[in-house]
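The structure under discussion appears below in the form of structure tokens.
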Amino acid sequence: MRSNKVGWWLLAPTLVILGIFGILPFIYVLYLSFHQWNPFGANPNQVFIGANNFRRLVFDAEFLTAIWVTLKFAFFAVFSEIVIGYLLAQLFMREFPGKGFFRTIHTLPLIVAPIVVGSIWRLMTTPSVGIIPYYAKSLFGMDINIGRDAGTAFFFTVVMDIWHWTPLVTLTLLAALLSLPKDPFEQAQIDGASRAQIFWHITLPMIRPAILATVFIRLMDALRTVDEVWMLTGGGPGAATRYIGLHIWKVVFPKTDYGYGAAISVIVLYLTLVMCWMLYVGLVAPRNKGNS
Amino acid sequence: MRPSNPWLNVLLWILLSFATLFPIYWLFVISVKPAVDLFTTPEIILRSLYWKNYVEVFNDPTLRRYMTNSLIISTGNALLCSVLAFMACYALSRFDLAGKENIFFWTITNRMAPAAVFLLPFFLLYTKVFAIGDFKLYDTRIGLILLYCTFNLPFAIWTLRPTIDGIPKELDEAATVDGCSTWQTIREVVWPLARPGMAVTFILIWVFAWNEFLLAATLTSFNARTITTGLSEYVTTTGTAWGKMAAISIFTLIPALIIFSMVQRSIVAGLTFGAVKE
């Protein structure tokens, strides 16, 4: 009836913009990763060096540390968020006065800019300004100094992430719980199943796809966390909280070793995509198929 | 599922809400204290309000420029993305284009990539490659507006598609039979029906662009800096001005809070790629 030409014309601006600002940078960074290029170095020209940049990566202790702490951070943050989020979602399944109001408050952190989240937690934890070190000292005699102690700094980046993103987990899992049929639960109760049994054999298998999808979304976000952590700890002390995004931004970039920086970018993108794909193919896709 | 005292729940949620709100409240407390009071015993209850931090922030021409930039960039990006996404979704929904579902999924992969990975290529493209004469995209507002499309346009397409798909095709066909051109059909039939969905998309993108930090910090130096980068500058150069830093944070927070109160439910749907529908 109407020609497809019009359709392509309507789609064209989107394709052009995503082509220039999505694909082109990718090709460019891929191209650079096979070159040696430092405009302020001994040889300012681009020189093709094959896979040498990638070979350097394998022995780059700083880079490997960054990958390791990122994975550790993502694991602790996402795991805690799923557990806490699930418990809170269960709480929201009950009826109580003011439920809508509490839900609104619980959702609030989601909208706060990451950089502001960082500044909020910095004000909470910086010695002498923050309230946490003060009360930890006066009530428990603990010395909390995120600028000095690596473990504490790591712990607070995780706490900050939990504060910021648990609401998202709560709400996705709540939606999943609300969509479950009631019959299996009633039947199980009649049959005398314990609470733990109901959880392991009925609730968990049924909301498994929702949990996996949530883990997927959260993991992708946790792996690329930069703003909050930069604001809270600046990657320190030392390199204890220098997560991979931060590593690219704060270490690779200012060195103007662009070829090598490009190789790191490519590898990080590749690792993210592979993890993404493995999670999707291995966990999310088959369960969805089985359940539909 | 099991009988429990509802007031126990309320009590529990009051405690949890306290945990959620206290850090934000603390930000406010710091922002309304004079610097000399910061290093004494932390007081949770405010006895007096000291507004000078806000006045100083508001009277600082640099910060005012940053705020204007943020406003222009977020609004520009939200407008551009919503209009382009509307066109794209209409095309994907109503035309039988070859490989259109693949295109649809391809768009979303753009959003999945970590922004940090694109810092280096964008920086080099903006400073060295995308240049016409003396004009470079580096440190320009239009540069950031276009750049944010990489992440926000796929999001807009993703969230608008169900809206456009939900408008019955029969309405378009009836309009065509009545002699409307494609343009008239879009303007008279589809656009009015898509408006509520468009509004939500627009608002969400506005917030994303407003909140963005990493790319703005890397790809601007002076003219096009946004308020989020302004906030970060404050910490590094004058790390001790906690009051002012808190005041700028509050300024950054306010627009998002206003918007949050307007479209709370849609925000959740948007952030989960439509996994949570209400």
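The values are calculated or read from the model by the stated rules, or taken from the named source; none is laboratory data. Being a predicted model, the structure only gives us computed values, none of them experimental. FYI the Cβ positions are ideal-geometry reconstructions off the backbone, even for glycines, and counts take in every protein chain you see.
Please return the ranges of helices (runs of 4 or more DSSP H) entirely within segment B:165-278 where 2 or more residues are modelled with pLDDT under 85, among the small types (Gly, Ala, Ser) and under 24 Å from the mean Cα position of the chain (by Cα). Please lay out each step first, then the result.
Details: elements: B:169-177, B:182-185, B:191-211, B:214-219, B:227-237, B:242-262, B:264-271.
Helices (runs of 4 or more DSSP H) meeting the threshold: B:242-262, B:264-271.
If residue B:114 meets every condition in (1) over 18 Å from the mean Cα position of the chain (by Cα); (2) closer than 29 Å to residue A:276 by Cα apart from one, which number is that one?
Among (1) over 18 Å from the mean Cα position of the chain (by Cα); (2) closer than 29 Å to residue A:276 by Cα, residue B:114 violates only (1).
Any residue in segment A:49-66 that is modelled with pLDDT of 85 or more, within 25 Å of residue A:208 (Cα to Cα) and among the β-branched types (Val, Ile, Thr)?
Taking every residue of segment A:49-66 in turn, none turns out to be modelled with pLDDT of 85 or more, within 25 Å of residue A:208 (Cα to Cα) and among the β-branched types (Val, Ile, Thr).
State which residue pairs qualify: first residue without any contact (Cβ under 8 Å) to a residue 40 or more places away in the chain and of a type in the set (Lys, Arg) and inside segment A:84-98, second residue in a helix (DSSP H, G or I) and surrounded by fewer than 19 Cβ atoms within 10 Å (Cβ to Cβ) in any location, beta carbons under 9 Å apart, and separation of 6 or more residues or different chains.
Cβ pairs passing all conditions: A:94/B:6.
Sort out which residues of segment A:160-181 are of a type in the set (Gly, Ala, Ser) and in contact (Cβ under 8 Å) with a residue 24 or more places away in the chain, and write them in order of number. Write out each step before concluding.
To start, the set of residues in segment A:160-181 that are of a type in the set (Gly, Ala, Ser) comprises A:175-176, A:179.
Correct list: A:175, A:176.
Answer with yes or no whether residue A:246 is of a type outside the set (Val, Ile, Thr) and either closer than 16 Å to residue A:76 by Cα or without any contact (Cβ under 8 Å) to a residue 60 or more places away in the chain (or both).
Working: of a type outside the set (Val, Ile, Thr): yes; either closer than 16 Å to residue A:76 by Cα or without any contact (Cβ under 8 Å) to a residue 60 or more places away in the chain (or both): no.
In short, no.
Residues of segment A:95-125 being touching a Ser or Thr at 6+ places or on another chain (Cβ under 9 Å), in a helix (DSSP H, G or I), at the interface with chain B (Cβ under 7 Å from one of its Cβ atoms) and under 15 Å from residue A:161 (Cα atoms), which ones?
A:106, A:107, A:108, A:109, A:114, A:115, A:116, A:119, A:120, A:121
Go through segment B:66-79 and report how many residues are surrounded by fewer than 21 Cβ atoms within 10 Å (Cβ to Cβ) and in contact (Cβ under 8 Å) with a residue 40 or more places away in the chain. Break it down stepwise before answering.
Just the residues of segment B:66-79 that are surrounded by fewer than 21 Cβ atoms within 10 Å (Cβ to Cβ), to begin with: B:67-68, B:71-72, B:75-76, B:79.
Pick out the ones that are also in contact (Cβ under 8 Å) with a residue 40 or more places away in the chain and you get B:67, B:72, B:75-76, B:79.
Total satisfying the criteria: 5.
Residue B:27 - would you say it is more than 24 Å from the chain's Cα centre (by Cα), farther than 30 Å from residue B:143 by Cα and in contact (Cβ under 8 Å) with a residue 24 or more places away in the chain? Steps first, please.
Numbers: more than 24 Å from the chain's Cα centre (by Cα): no; farther than 30 Å from residue B:143 by Cα: yes; in contact (Cβ under 8 Å) with a residue 24 or more places away in the chain: yes.
Taking the combined requirement at face value, the residue does not satisfy it.
Would you please list the contacts, defined by Cβ atoms under 7 Å and residues six or more apart or on different chains, that run from a residue in segment B:116-128 that is at the interface with chain A (Cβ under 7 Å from one of its Cβ atoms) to a residue that is of a type in the set (Phe, Trp, Tyr)?
Qualifying pairs under 7 Å: B:116/A:249; B:119/A:249; B:119/A:253; B:120/A:253; B:120/A:258; B:121/A:28; B:124/A:258; B:125/A:28.
If you scan segment A:126-143, which residues turn out to be out of contact with any Phe, Trp or Tyr (no Cβ under 7 Å at 6 or more places or on another chain) and within 13 Å of chain B (Cβ to nearest Cβ)?
Scanning segment A:126-143 gives A:126, A:127, A:130, A:132, A:133, A:134, A:135, A:136, A:137, A:138, A:139.
Can residue B:85 be described as surrounded by 15 or more Cβ atoms within 10 Å (Cβ to Cβ), in contact (Cβ under 8 Å) with a residue 12 or more places away in the chain and away from chain A (no Cβ under 13 Å)? Spell out the reasoning first.
Numbers: surrounded by 15 or more Cβ atoms within 10 Å (Cβ to Cβ): yes; in contact (Cβ under 8 Å) with a residue 12 or more places away in the chain: yes; away from chain A (no Cβ under 13 Å): no.
For residue B:85, the condition - surrounded by 15 or more Cβ atoms within 10 Å (Cβ to Cβ), in contact (Cβ under 8 Å) with a residue 12 or more places away in the chain and away from chain A (no Cβ under 13 Å) - is not met.
Those residues that are part of a loop (DSSP other than H, G, I, E, B) and more than 25 Å from residue A:101 (Cβ to Cβ), I need them from segment B:1-37; list them, please.
First, the residues of segment B:1-37 that are part of a loop (DSSP other than H, G, I, E, B): B:1-5, B:32-34.
Correct list: B:32, B:33, B:34.
Give A:184, A:205 a once-over and let me know the one that is more than 8 Å from chain B (Cβ to nearest Cβ) and either touching a residue at least 12 places away in the same chain (Cβ under 8 Å) or aliphatic (A, V, I, L, M) (or both). Before you say what the answer is, go through the steps one by one.
On the way: A:205 fails: either touching a residue at least 12 places away in the same chain (Cβ under 8 Å) or aliphatic (A, V, I, L, M) (or both).
Result: A:184 is the single residue among A:184, A:205 that is more than 8 Å from chain B (Cβ to nearest Cβ) and either touching a residue at least 12 places away in the same chain (Cβ under 8 Å) or aliphatic (A, V, I, L, M) (or both).
Kindly state which helices (runs of 4 or more DSSP H) lie completely within segment A:1-88 and contain at least 1 residues that are at the interface with chain B (Cβ under 9 Å from one of its Cβ atoms), of a type outside the set (S, T, N, Q) and surrounded by 17 or more Cβ atoms within 10 Å (Cβ to Cβ). Walk me through it before giving the result.
Working: elements: A:4-18, A:24-32, A:52-58.
In segment A:1-88, A:4-18, A:24-32 are the helices (runs of 4 or more DSSP H) which contain 1 or more residues that are at the interface with chain B (Cβ under 9 Å from one of its Cβ atoms), of a type outside the set (S, T, N, Q) and surrounded by 17 or more Cβ atoms within 10 Å (Cβ to Cβ).
So, in segment A:216-234, of the ones that are more than 9 Å from chain B (Cβ to nearest Cβ) and surrounded by fewer than 23 Cβ atoms within 10 Å (Cβ to Cβ), which residue ends up nearest to residue A:66 (Cα to Cα)? Let's see the steps before the verdict.
At the first step, the residues of segment A:216-234 found to be more than 9 Å from chain B (Cβ to nearest Cβ) are A:216, A:218-219, A:221-222, A:225, A:228-229, A:232-233.
Of the ones still in play, those that are also surrounded by fewer than 23 Cβ atoms within 10 Å (Cβ to Cβ) are A:216, A:219, A:221-222.
On the way: A:216: 21, A:219: 16, A:221: 16, A:222: 14 Å.
The residue in question is A:222.
Any residue at all in segment B:146-161 that's in contact (Cβ under 8 Å) with a residue 12 or more places away in the chain, in contact with a Cys (Cβ under 8 Å, 6 or more places away or on another chain), of a type in the set (D, E, K, R) and away from chain A (no Cβ under 13 Å)?
No, there is no match, as no residue in segment B:146-161 is in contact (Cβ under 8 Å) with a residue 12 or more places away in the chain, in contact with a Cys (Cβ under 8 Å, 6 or more places away or on another chain), of a type in the set (D, E, K, R) and away from chain A (no Cβ under 13 Å).
Kindly provide the set of residues from segment A:137-166 that are farther than 22 Å from residue A:230 by Cβ and of a type outside the set (S, T, N, Q), ordered by number.
As a first pass, look at segment A:137-166 and keep what is farther than 22 Å from residue A:230 by Cβ: A:137-143.
Residues satisfying the conditions are A:137, A:139, A:140, A:141, A:142, A:143.
How many residues are part of a helix (DSSP H, G or I) and either basic (Lys, Arg) or free of Cβ contacts under 8 Å to residues at least 12 places away in the same chain (or both) if we restrict to segment B:38-57? I'd like the intermediate steps shown before the answer.
To start, the set of residues in segment B:38-57 that are part of a helix (DSSP H, G or I) comprises B:52-57.
Restricting the remaining residues to those that are either basic (Lys, Arg) or free of Cβ contacts under 8 Å to residues at least 12 places away in the same chain (or both) gives B:52, B:55.
Number of matching residues: 2.
Being facing chain B (nearest Cβ under 10 Å) and modelled with pLDDT of 85 or more: is that true of residue A:200 here? Before the answer, list the steps.
On the way: facing chain B (nearest Cβ under 10 Å): no; modelled with pLDDT of 85 or more: yes.
No, not satisfied.
Spot the failing condition for residue A:213; the list is (1) small (Gly, Ala, Ser); (2) more than 12 Å from chain B (Cβ to nearest Cβ); (3) touching a residue at least 60 places away in the same chain (Cβ under 8 Å), and only one is missed.
The single condition residue A:213 does not satisfy is (2).
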